[in-house]
Amino acid sequence: MCGGVYGWRRAAAAAVGLLLVAATLAGCGSNASEGVVLYVYAPVDGADQYAAAVAYCTRAAGGRYTLEPKTSARSTDDQRLQLARRLVADDADLDIMLMDVIWTAEFARAGWIRPYPADLARQMEQETLERPYETGTYQGKLYAAPLNTNTQLLWYRKDLVPHPPKTWDEMIKMAEGLKARGLPHYIEVQGAQFEGLTVWFNTLITSAGGSILSENGDVLVARGDGARRALGVMARVATSPAANPSLSVSEETDARLAMEAGLAAFQVNYSFVHASMYASGPDGGGDTFIDPLGRPTLQDTGRRVRDVFGWAAYPSVMPGKPATVTVGGLNLAVSTTSRHPREAFEAVQCLRNRKNQLRNAVEAGLPPTLRELYNAPPLREALVWQAILDSLTTASVRPKTPAYQSVSIVIADLLNPPAEINPDTVLRQLTDGISEAVNSEGVVP
Amino acid sequence: MTMTTESDLRAPASARGHPRAPLSQGARSEHRLAALLCAPAALVILVVTAYPIGYAIYLSLQRFDLRFPEQSSFVGLANYGSVLTSGHWWQALTTTLIITVVSVAIEFVIGLALALAMYRTLIGRGLIRTVVLIPYSIITVVAAFSWQFAWTPGKGYLAALLPQGVAPLTDHTSAIGVIILAEVWKTTPFMALLLLVGLALVPDELLRAAQIDGAGPWKRLTKIILPMMKPAILVALLFRTLDAFRIFDNIYILTNGSNGTASVSMLGYDNLFKVFNLGIGSAISVLIVIVVSIFAFVFIKLFGVVAPGAEDDERRLR
């Protein structure tokens, strides 16, 4: 009798145990395939335009494949982490990825993305701006097809200075003059310890004729005096009495906000600040009133920051030599885990076609990578787009190494806070740190 | 606590234990059922904790970088060598230790004061306990964002109190101060709550007797209340120290490690999830576990027999 009860209990216990184990071990079921479905991973920012492009290209495919948009994380680091995690785990439901331009070498080297077929790559090369195209290549092959690009301009207050500064030194002098007169004077840069600081350094060092790294991993940072000049500019901006006290924690958004609040006279930043300045609504940037001298005020003076907002070419390091601004942007890559690479390559051509790039430009202010778009309305008529095109023509590309992330972290760590940069000591540290980082040795900060 | 006392204490525990008589069939079968019932839980724990921990130790002995998959190989303790010879590790460890020691010390003092206040209040006791707990109920990331805004010049009300041009989050020392402040504000209620439980252990008669014997409030606190609360204090300090040592979210939001404010957890995170160097990152994680274990060990040794689980024995001894 007792045994009977125990036997029943034991059976029940075993059943519960089995259920628990089964629940733990149950993996994700895979959907039965009904036609070819391609999953497109795009960041949260701009998800609407990318979803529109995906819908458009599904219709254009005429039933050969269906594109399914997947929203990735907001921050670039989190997007990369999510994609890498899925790729390492051989996730086949990941076909097309929108990739930051700095991931190309890393993803290609790790074997996560496929090179484009040579004929397709050649065709894209012909229609695409040179520098953005370069961001998608690694070891001579195209791995990521340029979708949007991005570049920085100098944004400034037309009411405070008679003409935009041509060089960094001129800008510092102007800012200090404004401060002495009690006017808004901050120079806004990306000085926080993050990717933006590496971008600033890359722009300055290439503008001064130097470079950080060659594609086969030679550390070039200490060659010539490019780095010394770049570091000098950074230190002078940061230690100038006209510097924003928050410079060492300032990112792109902080720079934009300081200008919109009427506190900054200059900022180097991406084209999104233009759209934000003229946007209306609670986030509408340029609403701040300014008094006749140009200082922000709460009174309705009828004059706002957006009325005196201007742009110009990025300041140069060497007088008379245009700056080579670092390009940003997003490229399209096809994963090695995809089961339908042929369809995916075809879909990429649609996703980056004229119509979709134009939508991204008009609705989100993202500069296209197709050359012809700048020569046609509506971009041809807008001066700011032509300034962007000029900047893209002389642009520079960040170091192409699979260990870019480590290299960038090392640079951002050594150059933050910019006010404490001592070109002599930091140059040696940069050489050592970058040499270690390129081989993924040692601890990154 | 000396060894003899410890073994003396253990003696009654084994004497109390079941006599080693052969078990009846029913009892044996019940034992088996108990084992069976525990098995799924034990299995799940093995799968979700023991396996990852073991895997992390395995990874820490490899060169394992997701970006260079073909270079993976066994490298012994080389990763530990890289970490322990890196200035970044020692700086992060120093920063973390400073934050841990200072914040836990402040939390303990304020927490004890709050606990005493909560314990002694006659009116509005429920209200006070609720109010005290509010910071703890706010999500750390949200609280960290509000601290960040508050300390940003031109935006925040706290920065507005400072002289023009001072940005506390941009300087190493003041940024550490802000991080500690955010930690203390956030977790003191937790400390107070744990200490409040300890206060309930102090018999009122004892305090009244001491008062009649002429012991003042300070003497009563140091000679009666604190010694009687020792188990609760151990738990509170241990929990908070281990927690504080793993600090991540506050720093991530407030400074993101700028100006040398990164903690060891952030260092581990960056090496694992930003540069995908799983070997080095795992070595850092294992080192964090080792440091945390040392903390726990030291605490238990310092507080001796009042460690959780030993309370019964101590009570009996008295």
Just rank B:Tyr51, A:Tyr404, fewest to most, by other beta-carbon atoms within 10 angstrom. B:Tyr51, A:Tyr404
With the 8 Å Cα cutoff and a minimum separation of six or more residues, chain B has a relative contact order in percent of 27
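Kindly identify chain A as rounded, prolate or oblate by the Cα gyration tensor criterion: order the square roots of the eigenvalues as a ≥ b ≥ c, call it rounded if a/c is under 1.5, otherwise compare a/b with b/c, prolate if a/b is larger, else oblate.
prolate
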In nm, give the distance between the simple-model label positions of A:Glu363 and A:Asn422, each being 7 Å from the Cα along the Cα-to-Cβ direction. 5.3
In nm, the gap between the two label points placed 7 Å beyond Cα toward Cβ at B:Phe295 and A:Lys321 is 5.2
Among the lysines, select those whose C-alpha is under 24 Å from the C-alpha of A:Lys400, and discard any that sit fewer than 8 residues away in the same chain. A:Lys141, B:Lys274
Cα shape, the stretch B:87-306, gyration tensor, a/c 1.5 rule: oblate
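For A:Gln126 and A:Asn375 in one chain, what is 0.36 nm times their gap in residues minus the Cα-Cα distance, to one decimal in nm? Write out the running numbers ahead of the final one.
Values: separation 249, 0.36 × 249 = 89.64 nm, distance 1.54 nm.
Value of the extension gain: 88.1 nm.
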Taking Cα atoms, how many degrees apart are the long axis of helix A:168-180 and the longest axis of chain A, rounded to 10 and kept between 0 and 90? 70
Kindly express, to the nearest 10 degrees and within the range 0 to 90, the angle between helix A:423-438's C-alpha long axis and the longest C-alpha principal axis of chain A. 20
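Please work out how much length the chain gains when fully extended from A:Thr71 to A:Gln386, using 0.36 nm per residue of separation minus the C-alpha to C-alpha distance, in nm with one decimal.
The A:Thr71-A:Gln386 span can extend by a further 110.2 nm.
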So which aspartates and glutamates can B:Lys230 reach, going by Cα to Cα under 13 Å and dropping same-chain residues fewer than 8 places off? B:Glu311, B:Glu314
Starting with the fewest neighbours, write out A:Glu188, A:Glu372, A:Glu441 ranked by other beta-carbon atoms found within 10 Å of each beta-carbon. A:Glu372, A:Glu441, A:Glu188
Distance from a point 7 Å along Cα→Cβ of B:Ser174 to each backbone N in the stretch B:139-162: keep the residues under 11 Å and list them by number. B:151-153, B:159-162
Just to confirm my numbers, what's the Cα centroid distance between the stretch A:402-436 and the stretch A:293-367 in Å? 27
Separation of the stretch B:179-233 and the stretch A:126-172 by C-alpha centroid, Å? 63
Report the gain in length on full extension from A:Lys141 to A:Ala312: 0.36 nm times residue separation, minus Cα-Cα distance, nm rounded to one decimal. 58.1 nm
Ranked A:His185, B:His172, criterion: other C-beta atoms within 10 Å, fewest first: B:His172, A:His185
FRET efficiency, 1/(1 + (r/R0)^6) with R0 25 Å, evaluated for B:Tyr55 and B:Val75 via beta carbons: 0.95
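Read the figures in this text as sums done on the coordinates, not as results from a lab. Please read these numbers as outputs of a predicted model, since none were measured by experiment. For neighbour counting, all protein chains shown are included, and Cβ atoms are generated from backbone atoms with ideal geometry for every residue, glycine included.
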